[in-house]
Structures are given as C-alpha cells and as structure tokens.
Amino acid sequence: MTKQTIVDESLPSLDNTDEKQGVWASILRDVKSSTKKAPATKSLVVLGDNESGRTTLVAKLQGNDDPKRGAGLEYHYIDVRDDDRDDTPKLGVWILDGDVTCSSPLLKFAIKSDTFEDTVIILVASMTQPWSLLSTLKKWITLTEEHIDRLKLDPTRLHEIRDRLQHDFQHYTEPNDTSIMITSSSSSATIKSGITGGRIPSSVSSVSLASGTTPANMNNSEEQIVLPLPDGVLTRSLGIPIVVVITKCDAMATLEKENDYKDEQFDFMQYHLRKFCLEYGAALFYTSVKEKKNMDKLYKYILHKCYGYPFISPAAIVERDAIFIPSGWDNPKKVDILLENLHRLKPTDNYSDVFVKPVVRRPLQRDNEIIAAEDDQEFLSRLQLTLNRAASPGRTDENATPVMPRNVMTTGANSGIISQTPSMPGRSRNQPSTSSGGTSATANEGALANFFNSLLTRKSGGPVTPTNASSPVNQRPNSDNSGVDSSSMANQNSQKQQEQS
C-alpha cells in the first residue's frame, strides 16, 4: 500500500511537468512567430535638375546638416528609426545627375528588373523656377518610362504590379479623428503582432492598420474589387509609387515681390501639378528645408510607401507653401475647385505663357565675338604722340621753341649767338631753331633796350655804346654794368632839373 501510494503520488507530478513544458513551448512558438524578420531591401530613386535641392533634401531626411554634393550617380542610405526593432533597416537612396544625357545610361543601376517592386521614385523640382516645373517633371518621367520599357518585364507581372498600385490608389481612406487618436503604442503593437511574418504589406494603409483589418480581408478585397477609374486618373501608371516634391517653397514670397505673382497664378500652378500627379497616381509635397515644412511628413510617407509603416497624416491644402496631397486622396472634382479662383486665367491656357521665364540681365558674352587687333604702326604712332604731349604739358605747338632767359635775349637779339638752339628730344638738328613767336619776342626786347639807351645818351650828353646784335659775347658783362651806371646818372640829372625848375 505504501509503494502504490508513492507511485500514485508521483503520477500527478509527471503530468504537471508535461503541462509546464507545453506552456514554455507555446511561449517560445509565440515569440518566434512574433519576431520581426529583416525587411526586404528598398530603393529610393531621386530624379531632378541641378540646383533643385535634391542633395539637400536627402541630407535632411538623413538628419545630416552638412550635405555634400556629388556628380554622376550618388548612393546614400537612410536609417529607418524603429524602436521595436534591433536591426534597423537601411533605405538605399540613389541620386542621379541633373543632366538627362548623363543620367540616362546610369538609371539601369538604380532601377532593375529584380528590384522593380521595391522601388519608390521621387521627382524633384524647385519653386525658384516656376516656369520650368512642368517641363522638368515631364522630362524626368519620360526618361523613367523609357527605361522601364527597356527592362522588358514580364507582361503578366507588370499587369499585377499596376493592379496592386491601382488598388492602393482607389482604396485610400482619409484618416479620421478616431484613427488619429490611436497612440503610437497601439500602432507598434499592431506591427509587433506579426502581420504576414512581421512585415506589413505595402498595400495596407494606415487606416486599415489602425482599425485592425486582417491581411486576409485585404487580400480578398484586393482580388475582388478593382473599380474603374475616372478620366485622367492613372492613365500612365508605371507600377512604381511616385512622389512629386516641390522644393524651396519659401521662395513664393520672393516671387510675389519680384515677379508680381498673385494667388491666381499659384492656384493655376497647383492645378496643373495636381493634374500631372493624377495622371501617374503620384503624391504631391510642397517642402522647404529652410523653414522645415513637410520634411517630417515626407519622411514618414516614404517609410509608409516602402515598408508599410502606419501613416495617419491627412491631406493639407490650406497653406499654399505647405501643400500635401497623398496618393489616392485627389480626384478631378477636387482639382476643379481651384478653377473658382481663376478670374483672368483659364485652365486651358498654356503653362509656359502664364509663367514666362524672365530675361536674365547679364553682360553679353564675348566668346563668339571676333576682336580685330590694331595695327602695330598705328599703335606706336599714337603712343609716341601721347608721350610727347606728356613730356611738354605747357606747349600747345609741338615745334614751339622753349622760352630763353631775358638777359640772353636782350644782349643777343640781333647777333648770331643764339642762331642755334640745343636739339630737343625727337627733333632733327636740321630744323630751324626759332619760330615766328621767338623772333618777335627777341625784337621787342631789342627795341626796349635801344629806347633806354637813347634816353641815357640824350640826358648825359656823352657817348654811350648802344647794345646791338654785333656786340661780342665777352662784352656782355661790361655792357650790362655801363647800362646800370648810365641809368643811375640819368636819374640824378632828372632830379636836378626838377629842382631848378
């Protein structure tokens, strides 16, 4: 009895052990099933012209305040911030050159046939050049279409990809107050629950995640409901999610002042941009890195399109420089509301006629202009004439004789002492040494000297040797002294005659 009792008491303990092991096994299975798998590699391809802000935009999405520009084909990555995941995925970013000619052969490295479904395209255009917005977007989307045609994808596969994109566009639901009030913890719990092996399908919208829609229901709806599209919607679907980003929207105030743009012009611009986005099923963002407008919203929307993370931000069309229109929200009727603000403009007006590129006032380029060189001899002759004038600034005539001292001209007016003058620079010795001006000045000085000598002869009564042109040079000092004595005697005689009278 004792042994049997012991055996009977040991049986319940074995049963309890099996139950504990079953509990732990179920817990391990739950943990294993709820563990997030590493997401598939996604690619973000950024296309746009030079100086459109592509590099700055990607740097801001990375959290980098010091962007570095490259050339050709650039590759970056964005760390996906997820608190519930240890191995954070990295979103690869391809930035192509702003020149279409250079980017065309490089696009094959960014968009491949095997990663076609895991690619999101961002078309970038700058608000600083509103006259080229549409042309820039059409240029780059045409390049992408041509590249996709060259990939030669399976028609059945491409049709399924486009149907999936159309389903997402048609089943977009605007987030309501209930979905916005859902906390981030509930959203993370939804992700943690292991939808399709820990990865949220790209077709699941933010509202479906918040409302607890199961993937099975989504798959059934995806297979059953494909609604017809209105005119002008998804007429040229590429099968790839497209996001149109208009950068540098803080320049709208400058455009108002400098180009005299009004709200009517900006509504006309938005009308055509939204028409373009409807045609390809693209989302529209007006961003400003300088004023940090829509940057965080753009980051979350990219993660929603790439990895299926919840996105609960509604469309925003109130602020003209912070427009946000998600893919699937817009339709032709909503776009036509903008026509109510158009009074002078018509929707059929040509975009390039409304936004005319201003004439750039720059100096004319002289690259293609032929400049004829001056003849060497003419240049040297003109230079010699300038140097001669600079050497004698007081001369009005090039052949004028320099002014001689008064005593030399007085004593040698009629003599041959000054028959030859020193040769001036640039003048030949055979040229006459005096001119008409110099001869008249010498004659006046000689006449004045003869007048004073005649006065001295008349008053003194003594013979005085007149100063003439034939007097030798060595007699010049004596004649000067006698002239001084005679003048003093003449003054004394004149004083005596005045006293006697």
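Some values worked out for this structure:
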quantity: Relative contact order for region 247-390, counting Cα pairs under 8 Å that sit 6 or more residues apart, in percent; calculated: 26 percent
quantity: Accessible surface, 1.4 Å probe, highest first, among residues Thr88, Thr55; calculated: Thr88, Thr55
quantity: Anisotropy class of region 270-318 from Cα gyration tensor, a/c 1.5 cut; calculated: oblate
quantity: Residue-level accessible surface for Ser381, protein heavy atoms, 1.4 Å, Å²; calculated: 70 Å²
quantity: Accessible-area value, Glu258, 1.4 Å probe, nucleic acids and ligands omitted, Å²; calculated: 140 Å²
quantity: For Tyr172, solvent-accessible area (1.4 Å; no DNA, RNA or ligand), Å²; calculated: 60 Å²
quantity: Stretch gain in nm, segment Ser454-Val360, where the contour uses 0.36 nm per residue and the Cα spacing is subtracted; calculated: 25.2 nm
quantity: Förster radius 22 Å - calculated FRET efficiency between Lys334 and Asp263 (Cβ-Cβ, nearest 0.05); calculated: 0.75
quantity: Peptides 156-167, 315-326 ordered by average Cβ neighbours within 10 Å, highest first; calculated: 315-326, 156-167
quantity: For region 282-339: relative contact order, % (alpha-carbon pairs under 8 angstrom, 6 or more apart); calculated: 39 percent
quantity: Heavy-atom surface of region 65-147, accessible at 1.4 Å and reported per residue (Å²); calculated: 48 Å²
quantity: Rounded accessible area per residue of region 225-264, 1.4 Å, Å²; calculated: 50 Å²
quantity: Local electrostatic count, Pro241, Cβ distance below 12 Å [Lys/Arg +1, Asp/Glu -1]; calculated: +1
quantity: Cut-off 15 Å between beta-carbons: net charge of the residues surrounding Glu146, Lys and Arg +1, Asp and Glu -1; calculated: +4
quantity: Neighbourhood charge, 12 Å Cβ-Cβ cut-off, centred on Arg382 and excluding it, Lys, Arg +1 and Asp, Glu -1; calculated: -3
quantity: Accessible surface, 1.4 Å probe, highest first, among residues Cys249, Cys102; calculated: Cys102, Cys249
quantity: Segment Ala316-Glu378, extension gain: residue separation times 0.36 nm, minus the distance between their alpha carbons; calculated: 14.9 nm
quantity: Point-to-point label distance, Ala71-His159, nm (Cα→Cβ direction, 7 Å offset); calculated: 4.7 nm
quantity: In nm, spacing of pseudo-spin labels at Tyr172 and Leu342 (7 Å Cα→C-beta vector); calculated: 2.1 nm
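The values are calculated or read from the model by the stated rules, or taken from the named source; none is laboratory data. Everything quoted here is computed from the prediction, not taken from an experiment. Here the Cβ is made from the backbone with ideal geometry for all residues, glycine too, and neighbour counts use every protein chain on show. These area figures cover heavy atoms from the full protein model, side chains too; ligands, DNA and RNA do not enter into them. Shrake-Rupley method; radii C 1.70, N 1.55, O 1.52, S 1.80 Å.
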